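For reference, the structure is listed below as structure tokens.
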Amino acid sequence: MFMDLFRKKNNKLLFTTPSHSQRFCIVNKFRHFYKCDISETDAHNPQDVLERAQRRASEIYGANQTIFLTNGSTSGVISGILSCVRKDENVLIWSDAHVCHKNGVELAGGNPVYYNIPLDEVWGVPQKVTPEILEPYFKQTKIKAVIVTSPSYYGTVSDIRAIKELCKKYGAYLIVDEAHGALYPFSDKLPESAIKYADIVVQSLHKTAGGLNPTALIHSNLEYDIEPYVKKISTTSPSYPLIATIEANINCLNSQKGRKKIDLLIDTINELKRNCTNVDFGGDDVTKILIKKDGISGFDLSDKLFDVFNIEDEITNDKSTMLLCGLGTSEKKLRKLFEALSKLTI
């Protein structure tokens, strides 16, 4: 059944995850996937290679420690929580966060304390997380860790530096779910990565960085080794082909060619925004094209893009819709989006 699914021809332009869009390919010899599928044998000794690759990655990202994940950012968030939180300790999490935030706190035996984020009424998206939102909770109870999603699914970026200062003031760890911000360390044209400030940062390579599902990274700036906590929820039979793609993905992003590709993507999107006057654009992250049009709801806008122009968006609300771009978003694809947006009518 699954092989039939793979053979199915797709005629839609996908502005969705994974961002490779089923076309962009970092590892060209993918047909040799099975040859790379090995175990931890003395004949291969992949563990030594993995440790060296992860050390190099931590140097690239400027983190104390970087670990490759083949079970998505979900496993990274849960591992980060397990490394910081003990039984009955309080963890401050967003009431509408990804379910792994709550699951991680429960697995650690901690107590979730929920904070709310005001809604931007114009765009229908949550606003930034600010110290002003979080500090009242610190004054009410002892908080061991705070989890912030930045960027949000819609591309809203919070001031992680200011939030980290607040956490330092109250002696709390800061964990940042930066799943949608994996490109940030590789371009000055994008928001600043949380890796510079937070204790734990988790990134999904497959969301915007062109990686395969479900490759991801966890970065730690803690003084102790977090790998034992990652191993608690990881398989003992890791996929070395997926791990190899993670290393290749990072090398691609960090290369001169990769950085130029990211900057070209950003420049092309900015050009689209300048020339397209038929819709309004919002958001903090240019790679997440947040749009709305007067006189039509976000859901109707999404339906029209899909039914009339064969374009599928990533996420939609009553006011706006967001089209996700990444390393696999070509200039040709963006030109087709521009043509569609220019022809939109109510």
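The values are calculated or read from the model by the stated rules, or taken from the named source; none is laboratory data. Only a predicted model underlies this, so the values are computations on that prediction, with no experimental measurement involved. Note that we place each Cβ from the backbone using ideal geometry, even for glycine, and neighbour counts take in every protein chain shown.
Of note:
- Residue check, Lys87 under 23 Å from Glu223 (Cβ atoms), basic (Lys, Arg) and at pLDDT 95 or above: yes
- Against the test of being under 15 Å from Asp225 (Cα atoms) and either in contact (Cβ under 8 Å) with a residue 12 or more places away in the chain or buried (at least 22 other Cβ atoms within 10 Å of the Cβ) (or both), the options Thr66, Thr74, Thr70 yield a single qualifying residue, Thr66.
- Residue in region 55-64 that is over 21 Å from the mean Cα position of the chain (by Cα) and among the polar types (S, T, N, Q) present: no
- Where Ser95 falls short, out of the listed (1) surrounded by 15 or more Cβ atoms within 10 Å (Cβ to Cβ); (2) farther than 23 Å from Ile243 by Cα: (1)
- Test: residue in region 263-285 that is among the small types (Gly, Ala, Ser) and farther than 29 Å from Gln65 by Cα: yes
- The listed residues are Lys102, Lys139, and the only one of them that is surrounded by fewer than 16 Cβ atoms within 10 Å (Cβ to Cβ) and charged (D, E, K, R) turns out to be Lys139.
Yes/no per residue for (1) at pLDDT below 95; (2) buried (at least 20 other Cβ atoms within 10 Å of the Cβ); (3) outside the structural domain of Val201 (by TED's automatic domain parsing); (4) farther than 23 Å from Gln203 by Cβ:
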| residue | (1), (2), (3), (4) |
| --- | --- |
| Asn221 | no, no, no, no |
| Ile226 | no, yes, no, no |
| Tyr229 | no, yes, no, no |
| Ser237 | yes, no, no, yes |
| Tyr240 | yes, no, no, no |
| Ala248 | yes, no, no, no |
| Asp263 | no, no, yes, no |
| Gly283 | yes, yes, yes, no |
| Leu290 | no, yes, yes, no |
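- Residue under evaluation Val129, criteria (1) surrounded by fewer than 19 Cβ atoms within 10 Å (Cβ to Cβ); (2) in contact with a helix residue (DSSP H, G or I) (Cβ under 7 Å, 6 or more places away or on another chain); (3) part of a loop (DSSP other than H, G, I, E, B), criterion not met: (1)
- Residues considered: Ser330, Ser320. Of these, the only one that is closer than 30 Å to Cys252 by Cα, in contact with a Phe, Trp or Tyr (Cβ under 9 Å, 6 or more places away or on another chain) and among the polar types (S, T, N, Q) is Ser330.
- Among the criteria (1) among the basic types (Lys, Arg); (2) buried (at least 17 other Cβ atoms within 10 Å of the Cβ); (3) under 23 Å from Asp263 (Cβ atoms), the one Arg335 does not fulfil is (2).
- Of note, Thr156 does not satisfy the criterion of being closer than 18 Å to Ser79 by Cα, polar (S, T, N, Q) and at pLDDT 95 or above.
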